[in-house]
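The structure appears right after this line, and notes come after that.
A short reminder: the numbers here are calculations on the coordinates, not readings from a lab. Please read these numbers as outputs of a predicted model, since none were measured by experiment. So basically every Cβ, Gly included, is an ideal-geometry build from the backbone, and we count neighbours across all protein chains shown.
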Amino acid sequence: MARILALDYGKVRTGIAVTDELQLIASGLTTVETKDLISFLADYINNEPVELFVVGLPKQMDNTQSESEDLIQTFLKKLSNKFPAIPIERQDERFTSKMAFQSMLDSGMKKKKRQDKSLVDEISATLILQAYLYRI
């Protein structure tokens, strides 16, 4: 089986998580600068089979779309043009950043490491992917 790859898309940085080949476990992969995201994904897909992209769907508490959704829609067009054979699904990402930060606290991570926003993005992508796996 191929992997499922999840993205916590951001204007500056994007957190990335992937499943194992059996699509059972979600693990953080990395965080990349968003401007380099498409080229990073192309390199990754050349080395690892990916069957699905899961992209976070930011929503407000009242279930309306977040301001960042316009940026994500532009990215989704680029993503589907570059990788037309790989479908894209969306997963609600409300609270993932807060949950990521809380998991860093719960694990006893030092304050200096918790201030690394790229780590929060990677953990958020993992939470998005894990939520998607629970859903299917």
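Things to note:
- Each residue of region 80-92 was assigned a 3J(HN,Hα) from its phi angle through the Karplus expression (A = 6.51, B = -1.76, C = 1.60, θ = phi - 60°), giving 6, 5, 6, 10, x, 7, 9, x, 10, 10, 10, 9, 3 Hz with x at Gly and Pro.
- Rounded to whole Hz, the Karplus (6.51, -1.76, 1.60) HN-Hα couplings of region 120-136, x for glycine and proline: 4, 5, 5, 5, 4, 4, 5, 5, 4, 5, 5, 4, 5, 4, 5, 6, 8
- Highest mean packing comes first when the peptides 12-19, 73-80 are listed by Cβ atoms within 10 Å, giving 12-19, 73-80.
- Between ASN47 and GLU69, the modelled labels are 3.6 nm apart [label points 7 Å from Cα along Cα→Cβ].
- Taking the average, over residues, of other Cβ atoms within 10 Å as the packing measure, peptides 121-129, 81-89 rank 121-129, 81-89 from highest down.
- Among 30-39, 50-59, the peptide with the highest mean count of other Cβ atoms within 10 Å heads the list, and the full ranking is 50-59, 30-39.
- Between ILE25 and ARG135, the distance separating the two model label sites (each 7 Å from Cα on the Cα→Cβ line) works out to 2.4 nm.
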